[in-house]
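For reference, the structure discussed in these notes is given below.
The numbers here are math on the coordinates, done by the rules we state, and not lab data. Just so you know, these numbers come straight off a predicted model, no measurement behind them. Glycine also receives a Cβ, built like all others from the backbone with ideal geometry; neighbour counts cover every protein chain displayed.
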Amino acid sequence: MYFQLEYCNEVVKRLKASNIRAEVCHGERLPKLIRNAEKQKIPLMAVVGPKEFETQSVTVRSRFAGELGAMTIDDFMSRIKSSIENRITDFVGN
């Protein structure tokens, strides 16, 4: 678990370096964390578990479209930047 948390902190560091707001939330069960994020109207959640840690990826959940599946950090960052640049509110929009 320590390595997963370290990986999460690395992901957040990369996102913040690209001026993307991010934070690590842990200590609760995943369904509760997801529910809290939805209540706070957080548009995107990147979930990291043992599988994501092994593959150096994240599983992405959108407030608008639900689970979007696993993707690399670079792909995740690229899609966020593209959405911001195009002022798209729906992460899945092309």
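Structure above, values below:
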item: Residue among Arg29, Arg61, Arg14 with the largest mean-square fluctuation in a Gaussian network model of the chain, springs linking Cα atoms under 10 Å; result: Arg29
item: Choice from Lys39, Lys51, Lys13 with maximal GNM fluctuation in the chain (Cα, 10 Å cutoff); result: Lys39
item: Within the range 1-88, GluC sites (Glu not before Pro) in DSSP loop having at most 13 other beta-carbon neighbours inside 10 Å; result: Glu23, Glu28
item: Least to most buried among Cys8, Cys25 (fewest other Cβ within 10 Å first); result: Cys25, Cys8
item: GNM flexibility winner over the chain from Gly69, Gly27, Gly49 (Cα, springs under 10 Å); result: Gly27
item: Chymotrypsin sites (Phe, Trp or Tyr not before Pro) restricted to DSSP loop in the range 1-74 with at most 13 other C-beta within 10 Å; result: Phe64
item: Estimated [θ] at 222 nm from DSSP helical runs (n ≥ 4, -39500 (n - 2.57)) normalised by residues in the chain, nearest 500; result: -14500 deg cm²/dmol
item: Dipole magnitude (debye, nearest 20) for the range 3-86, charges at Cβ of Lys, Arg, Asp, Glu; result: 400
item: Kirkwood-type radius of the chain, with distances r between different C-alpha atoms, in Å; result: 13.6
